[in-house]
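What follows is a set of notes on a single structure, which appears directly below.
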Amino acid sequence: MDDAATQGSAEPSHPRGAIDGIDAMGRLHGWARPQSNQSFCDVAAICGSITLAHGPANRFRRDLLRDGHGSGWNGFALRLDRRFLRAKTIITVAVADPLNGALICEPRALEVPEGVRECGPLSLGGILAEATDTLPDFDALSGLEGAIESFRRRVPTSQFVEYCYCYVLGRPADDGGLKNYVNLLDSKKMSGMKLLKILFNSSEFANNEYHPVIPSSPSFPFHG
């Protein structure tokens, strides 16, 4: 569910988020932007006074990046409490800030899809389908170019190159690569994002079982 065209918000000119719908696994999809300078925010799905789910809005969505909603890392997929779901019925859901209860997305009446499971444990396939710990591809970093370049200017170039290698390939830079990329970066013949893209497009990355973490992870090396 990747359409951010429908934007339910208390402030239409500056929407903080939108609810897209419920999928067949009982997950509520949508997006929410933080009010502060944080990269993402936590959200809670509510139905009246009942909390159906809560979690981070930290999934990458290209439509959000395209439409200018932050860095693109503000999607959510919250697994709703299936005790309150009945297939082919209507449920009214809103999204709020779990800390203060302030509405992020106005209540929206949604149809629960046919085939959604009621109660019972989630299958292994369902758990894997919800995994969001790793970066889908290099394009998912494009909305963070400013932050990454700012980080590069604040640390020694050799340290930045090492971080790039460890982040993308899961290993330190080899001597040749370190020397080459330090020279290119210091001479302004290459940007930090260009280096990351080269590493992402390398055959080593393509054949590697290592996967970079998402920017909201504490292990993301280019914070602050």
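The values are calculated or read from the model by the stated rules, or taken from the named source; none is laboratory data. Note that the structure is a prediction, hence the values are computed from the model and not measured. Don't worry about glycine lacking a Cβ; one is built from the backbone with ideal geometry, like all the others, and counts go over all protein chains shown.
Restricting the stretch 47-64 to residues that are in contact with a helix residue (DSSP H, G or I) (Cβ under 9 Å, 6 or more places away or on another chain) and surrounded by fewer than 20 Cβ atoms within 10 Å (Cβ to Cβ), the residue that is nearest to GLU145 (Cα to Cα) is ARG62.
Considered as a group, the residues in the stretch 19-71 that are modelled with pLDDT under 85 and aromatic (Phe, Trp, Tyr) include one that is farthest from GLU111 (Cα to Cα), and that residue is PHE40.
Restricting attention to the stretch 133-143, the residues being in a helix (DSSP H, G or I) and either crowded, with 20+ Cβ neighbours inside 10 Å or out of contact with any Phe, Trp or Tyr (no Cβ under 9 Å at 6 or more places or on another chain) (or both) number 4.
Quick one: how many residues across the stretch 59-114 are in a loop (DSSP other than H, G, I, E, B) and of a type in the set (D, E, K, R)?
Within the stretch 59-114, the subset in a loop (DSSP other than H, G, I, E, B) is 60-61, 67-74, 80-81, 85-89, 97-102, 112-114.
Then drop every residue that is not of a type in the set (D, E, K, R), which leaves 61, 67, 81, 86, 88, 97, 114.
Summing the residues that are in a loop (DSSP other than H, G, I, E, B) and of a type in the set (D, E, K, R) in the stretch 59-114 gives 7.
GLY101 falls short on exactly one of the conditions (1) at pLDDT 85 or above; (2) within 21 Å of GLY146 (Cβ to Cβ), and that condition is (2).
Of all residues in the stretch 152-173, those satisfying the criterion of being in contact with a Phe, Trp or Tyr (Cβ under 7 Å, 6 or more places away or on another chain) and surrounded by fewer than 18 Cβ atoms within 10 Å (Cβ to Cβ) are GLY170, ARG171, PRO172. Number of residues in the stretch 166-205 that are in a helix (DSSP H, G or I) and either over 19 Å from LEU135 (Cβ atoms) or touching a helix residue (DSSP H, G or I) at 6+ places or on another chain (Cβ under 7 Å) (or both): the value is 23. Pairing residues of the stretch 95-115 that are at positive phi with residues that are hydrophobic (A, V, I, L, M, F, W, C), at Cβ distances under 8 Å and at least 6 apart in sequence or on separate chains, gives GLY115/ALA24; GLY115/ALA87. Just so you know, in the stretch 179-200 the residues that are touching a residue at least 12 places away in the same chain (Cβ under 8 Å) and touching a Phe, Trp or Tyr at 6+ places or on another chain (Cβ under 8 Å) include one that is farthest from THR157 (Cα to Cα), and it is PHE200.
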